[in-house]
Structures are given as C-alpha cells and as structure tokens.
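The values are calculated or read from the model by the stated rules, or taken from the named source; none is laboratory data. In this text, all values refer to a predicted model and were calculated from it rather than measured experimentally. FYI the Cβ positions are ideal-geometry reconstructions off the backbone, even for glycines, and counts take in every protein chain you see.
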Amino acid sequence: MITFGKGNLRVPKWSKRVFMVAGGCTPFRKYFPEYKLEELVMMAYKMMLEENQLKLSPLEIKDSIQFAVYGEFADHFQDQLLCEAKIHDYLGLDPLFNVGIKTGGATGGSAVLMGAQAIASGYANCCLVAGWERMDEVDTRTGNFYISTAACKDFETRMGRIYSSYYAPMANRFAQIYNLSDEVRAKIAVKNRHYATMNPNAQQPGEHTIEEVLESRMSAYPLRFLECCAMTAGSAAVLLCDEEMAYKLSDHPVELFIAGGSHTLRVADRRPMDIPLLPNEKPGQYDAFLKENPRWPGFESFLAARFAAYLAYRMAGVKDPLEELDLVELHDAFTISDVQTYGDIGLRPYGQEIDYVESGDCYHGGKCPANLSGGLLGTMHAVGATGIWQAVECLWQLQSRYDYFHGDAKWWKRAGKKKPRSWKSLQVKDPRQALWVSHAGVGSHVTVGILRKAW
Amino acid sequence: MAKKAYEKAIKTRYTGKPLKLYDEKKAWVVRWPRALEHHHTYGLLTPFFKGLTQGRLMATRCVNPKCPQQSTWLPPRADCPDCYERMKWVRVPAKGKIYTYTLVDYAGVGIEMKTPYWQIDVEIKGVDTIFKGFLAEGKPYIGMPVKAVFRTKNPTHTILDVWWTPDE
Ligand SMILES: [Zn+2]
C-alpha cells in the first residue's frame, strides 16, 4: 500500500488571487487547409481580445501582457520544433518571455496552471495562455500511431498503436466490477454529440441513438468509434490577470483555482494505495469498498484526477462538489474516461459513478450538467488547446454568454455552417461555479480547475 | 594549393525531390515525406528483452531491507522509485491470470499483429504490477489462467517476443 508524505499533501496557496477574464477559440475541424497553424492561433487570440466585452482595446491589452504560456501536445504532429517562438512572434508579443508546456492530453490544463502561477507569483499581472494542435498533416492511422507513442514505447505501444486499446481494458474491468453496461457508456456519447449540435465550432456534432452508438464500428472492444474523440486542428486562448488588472479589464471576471496530479504512464504499474479523501468524504467511508477492490485505483479510477481534485477543492474552499458546482467540463476522450472521472472528482462516491448519468444529474437541467460544450466527443480534441478551450466554455457559461458564443449567426458563418433550426440554448441559469478536468494518457497528468464568478 | 570551399565562388543546383501537391482547392497543401530511423537503447532493461529470447520472464525486485515497499516490477525498472536503490533481477513464473483485456479491432499504422486480436493484461503471482501482452489463441475472460510463450527463434528484439496462451 502506497501512502503519501505529509508535505506532499500540502494544499497550494496562491500568493496573489488569479482571475480569468477572456477566452477565444477557432472552429474545430478534422482537416483545416485554409489556415496555417499560426493563423489559427491568431484567430483564437483575436477572438479573445475582441469578443469578451473587455474595457481596453485589443492593442491596449496587447500592450498590457507580460508573459505567455503555450500548450502543444506533440512535435510529431506539428513537425516543427520551437513552434512557440513562431506563434509568439506571429502574435506580435516579442520580447515578452514565453514557455511551451507539454503534458499530453492535459497540456491545456497544465498551461493554464503555469499561467496562473505566473500571476499568483507576481511575475505577471496579465498573462496569455494559448494552445493548439494541427493533427491533419498525417492520415488518421498515422495519427493513431503518433498518439500511441504517448503509451510506453517499450512495453505498450506495439500492443495496439491506438489509444483506444489502452482505455478499453479499463472499460472491461470497470464493467465487470461496477456493472457498467454498454448502454450507459453510449448515453454519454449520445448526450455530448447532441450538445455539440448547438456549438458552431463542433467537429463531430450529431443526433445519435444508443443503438447507433453501439452498432458503430468497433475500435477496441468495447469502445466503438462513436465513443471515441477524433483528431482535430484548432486553437484556443484565455487571458489571466491579477485582481487589479482583472477588474480594470472586465466587469465580469471569474476567479481561478487549479491544481494537478500525476500517475504512472503505464496503468499496469499502479500499485494499491490510500484513497485521498475529498472534503465531503468521511474517514472509513471506503473500508468496505476497499475490501472488494483492494487494488484502488487499479484500472478503474485515476489517482491523478483524485489528487488534483483533493487539492483544488481545498484551494477553492469547495465542500460538496455536486451541490456547489453548477456545471463541469470533463475529459471525455472516450466514454469510459468520462465515467471513471465521476468518482475521482466526487460527483459520486467511488462505485456509484453510473448513478451520475442514470439520475439525470449530468444533463442540461440536471443538478450538475457535464460537457454542455459538446466535449471532446462532440466538439474537439486539438490536444494542446483542449484544456484551454474547456475553460473558455466554462467562462462563457459563468458570464451567461453561452447564447452569444453559440447562438449568434456570425459564429455559424465563421465556421462555414448554417445554424440548425433545432438550435436551443444550453445556458445554465445563473451559474456561480464551474469545474473542468484536463487529462493526459491513461491518467498520467490531470489538472482540476475551478472557476468562480467574481462580480 | 587548392582553394578551400569558402574561398571559392560557387554555383548551386537543386538536388532535392520536388514536393507533389496533395490539395490545391482552398490552399496549397503539399505532400511532405518523412522517413526516419532511431537508435533506441533498452539500457539497464536489456536483460529483460534478452531474457525473452531465452524463454525467461525477468522482473526487478527491490531487496533493500529499509525500503517501505520492496515491490517486484514487471515491466521491470532498474531503480526503485520508493527508496532509489538499484533493484535485483528475479525470474518470475511464466504464467498468470487475466486482469482485463480488449479486442483490438482498428489499430494504428505499423501494427505488427493481424487484427483483430486480443490484448490482455496479466496478473502474475509475486509481481506487484500488471503486465500487458496479447493472447495468441482463445477468447479471454477476467480471471482466465494463461501461460507465456517466448519467441526464442528469429526474435523481434521487442516486447512482442512474449505472448500468452490459455492454461486451463
Ligand atoms: Zn526500494
């Protein structure tokens, strides 16, 4: 049994409060030949500067930035080392210092965390965080292979050369232990792809039935194609500020808390360990559970997500996640990764994850809706941008601007699409607090971010 | 004395291979070939990969009496993450039980097995971790006993030099 050092469990404390004031993104597509990568990042950055009701002009804000953090998953895809320098120059931000951040699928969340640290430390009072991925230089199966090199190249990559084959064993294990049916997983795909139909930027919107999901082509049993995210080209950006700058720029800033956790690259190396308890959980609560599942987190759960939530809830003073969060954006790269995370972040106790779906809590109008943006399944997974874009979607919900950014004809036009007649608002009514999970590998790096209305 | 290159006027000619257009509808997209070879070391794990070609499943074990865990690792690792001591090689049983599994139906480019095939994760007695592999015959279930088979002739010098078959 692995236990944690006292010092390791210290809760992070910002030296200065951190705020998010603006966000932007591109449309997301499988193949995006119209624009070069730096042109896509400019599109997201300009949207962030121009469309967030900021009280300074775009060029005044440009003159206020001191630091930039960039998220990119894989040099393989871009085929360009030091992409950050190329983008930073293209955005006209030299000679400000910038860094590139890489933590697999959690790259976006990690980039936000690093930007927040720059603000909290006082290095900057206005910081750009932008991310991108251009996965369309190679065909899909080559892309699958590239991504599978984010499994262990010595012991795992050759066993599948596709990431679904590293999630599928977890799905089969989860099904056996917690009675998770194919139908519940399919419901998540149906929900998120449906929500994506309201998002002009979505890559894979669609009205599907559970049967269609289950009859779609098998990737790695039991995960079907419609349960897997696709490869995307696109970008997203957010602006982080300290308190003074936040209110100078915006009448609707949100406060940011974010923390991360990690675990082995190979899920198979995970030895049994203590469950770090969330604020709403009681010592001894999992005694019976651990008798039945002595290998926690095993193949069922993610220690990295649990650890990140353990820290983030304490940073933000969240006592009861399900009661206090008005919406969440989860890393639904696969339906199963979505389900696994419900226990980790305390939307349900471990072992009762399925109930978050079956109770209706996860739907718009439910207690704590998940992935109203369309998620990774429906909208995008331009990996380096993903954890930033999820934050942007949460920000716009908290500012009650969902309808503008998803319903205004100009965004449908920008994406080259027609707004569907069936479009309806997924704005959550007067939300106060949102959470997003940015997740890498089979749970190698996870950040949990919390955004709270601050006006 | 012959002039050095940097002392000469030079006439340059193109020796590359022109790129072909892949798409020209919305923007020019060019075909940009990449062909690479890396020289990858197995480092201190060489005994493991060599062991496979000799029909042995080799794990590492921490034998430091002061180590809080003294775990046995397969996949092996040379250094103990709990106490930072160098670990010891041990031969572990070439049999175990299926912990979980999947059928790989659609695989990425370069896959070396004919799809579909069963990928399995094997629990081995005395080993603290779980070991990924593939089941060369039969249909897996959680808890199924399996035994390892080794590619001792014409080895691939990769993890594919070991696979599993039913043991019941
Ligand atoms: Zn040790």
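Table for the structure above
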read-out	value
Single residue of the stretch A:157-169 satisfying the filter (more than 7 Å from chain B (Cβ to nearest Cβ) and under 22 Å from the mean Cα position of the chain (by Cα)) that is surrounded by the most Cβ atoms within 10 Å (Cβ to Cβ)	A:SER164
Residue that is nearest to the ligand (Cβ to nearest atom) [pool: residues in the stretch B:31-50 that are farther than 14 Å from A:ASP154 by Cβ and away from chain A (no Cβ under 12 Å)]	B:HIS39
Residues of the stretch A:177-236 classified as part of a strand (DSSP E or B) and over 25 Å from A:THR26 (Cβ atoms), total	5
The stretch B:20-60, subset surrounded by 10 or more Cβ atoms within 10 Å (Cβ to Cβ) and of a type in the set (Val, Ile, Thr), residue nearest to B:ALA78 (Cα to Cα)	B:THR60
Residue tally, condition more than 15 Å from the chain's Cα centre (by Cα) and part of a helix (DSSP H, G or I), over the stretch A:83-113	8
Residues (within 11 Å of another protein chain (Cβ to nearest Cβ) and crowded, with 20+ Cβ neighbours inside 10 Å) located in the stretch B:136-162	B:PRO140, B:ILE159, B:ASP161, B:VAL162
Pick from the stretch A:39-82, criterion acidic (Asp, Glu) and outside any loop (DSSP other than H, G, I, E, B), ranking: surrounded by the most Cβ atoms within 10 Å (Cβ to Cβ)	A:GLU72
Residue count, the stretch A:125-142 (criterion: assigned to a helix (DSSP H, G or I) and facing chain B (nearest Cβ under 8 Å))	2
Any hit, the stretch B:84-95, residues being within 21 Å of A:MET273 (Cβ to Cβ), free of Cβ contacts under 8 Å to residues at least 24 places away in the same chain and assigned to a loop (DSSP other than H, G, I, E, B)	yes
Residue among A:VAL184, A:VAL99 that is in contact with a helix residue (DSSP H, G or I) (Cβ under 6 Å, 6 or more places away or on another chain), at pLDDT 95 or above and β-branched (Val, Ile, Thr)	A:VAL184
Single residue of the stretch B:55-113 satisfying the filter (of a type in the set (Asp, Glu) and closer than 16 Å to A:ASP269 by Cβ) that is nearest to the ligand (Cβ to nearest atom)	B:ASP82
Single condition B:TYR101 does not satisfy, out of (1) in a strand (DSSP E or B); (2) among the aromatic types (Phe, Trp, Tyr); (3) surrounded by fewer than 22 Cβ atoms within 10 Å (Cβ to Cβ); (4) within 10 Å of chain A (Cβ to nearest Cβ)	(3)
